[in-house]
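The values are calculated or read from the model by the stated rules, or taken from the named source; none is laboratory data. As the structure is a computational prediction, the values presented were derived from the model and not from experiment. Positions of Cβ are backbone-derived with ideal geometry, glycine not excepted, and every protein chain shown enters the neighbour counts. Protein only, heavy atoms only, side chains kept; ligands, DNA and RNA dropped before computing areas. Shrake-Rupley method; radii C 1.70, N 1.55, O 1.52, S 1.80 Å.
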Amino acid sequence: MATTPQGRLLGPDPGALSPAQQEQLRNFKIQTRIANEKYLRTHKEVGLLLSGFFREMFLKRPDNVLEFAADYFTDPRLPNKIHMQLIKDKKAV
């Protein structure tokens, strides 16, 4: 039960999850995490896009991060950069 700052009981929280709902939510989070991990492992380009973006952002430290992100992800050379990195990574294996 929820309490007031003075310690008085407020009664059951109608927004609280039941134990069964908590377990269902926990299982959903685990399955979502597993699915996301599988997706990222099969799509190496996602990791390359994100790591490249973060690397450039931390090197350049732009004042306007939103504008920088828009410019970075709309750069017409980006697909080729990612493709070349994927090839390079395959050769390294």
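Values computed for the structure shown
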quantity: Per DSSP, loop trypsin sites (Lys or Arg not before Pro) in region 1-85 with at most 13 further Cβ within 10 Å; calculated: Arg8, Arg77
quantity: Listed pairs Lys44/Lys81; Lys60/Lys91; Lys29/Lys88 exceeding 25 Å between Cα atoms; calculated: Lys60/Lys91; Lys29/Lys88
quantity: About the Cα centre, charge dipole magnitude for region 22-68 (Lys/Arg +1, Asp/Glu -1 at Cβ), debye; calculated: 240 debye
quantity: Relative contact order %, the chain, counting alpha carbon pairs below 8 Å whose residues are six or more apart; calculated: 16 percent
quantity: Cα centre as origin, Lys/Arg/Asp/Glu Cβ charges: the chain dipole, Debye; calculated: 480 debye
quantity: With every protein chain in place, the chain: carbon and sulfur % of accessible area (1.4 Å); calculated: 60 percent
quantity: Environment charge of Pro62, counting only residues whose C-beta is closer than 12 Å and scoring Lys/Arg +1, Asp/Glu -1; calculated: -2
quantity: Sum of side-chain charges, Lys90 neighbourhood, beta-carbon under 13 Å (Lys, Arg +1; Asp, Glu -1); calculated: +1
quantity: Per residue accessible area of the chain, 1.4 Å probe, in Å²; calculated: 88 Å²
quantity: Rounded to 10°, Cα long-axis angle of helix 19-42 versus longest principal axis of the chain; calculated: 0 degrees
quantity: Distance (nanometres) between label positions extended 7 Å along Cα→Cβ at Gln6 and Leu25; calculated: 3.0 nm
quantity: Angle between the chain longest axis and helix 44-60 axis [Cα atoms, degrees, rounded to 10]; calculated: 80 degrees
quantity: Leading residue at positive end of dipole, region 1-81 (Cβ point charges), from Tyr39, Phe53, Ser18; calculated: Tyr39
quantity: Per-q log10 I(q)/I(0), region 21-77, q = 0.24, 0.31 Å⁻¹ (Debye; single scatterer per alpha-carbon; no solvent); calculated: -0.90, -1.16
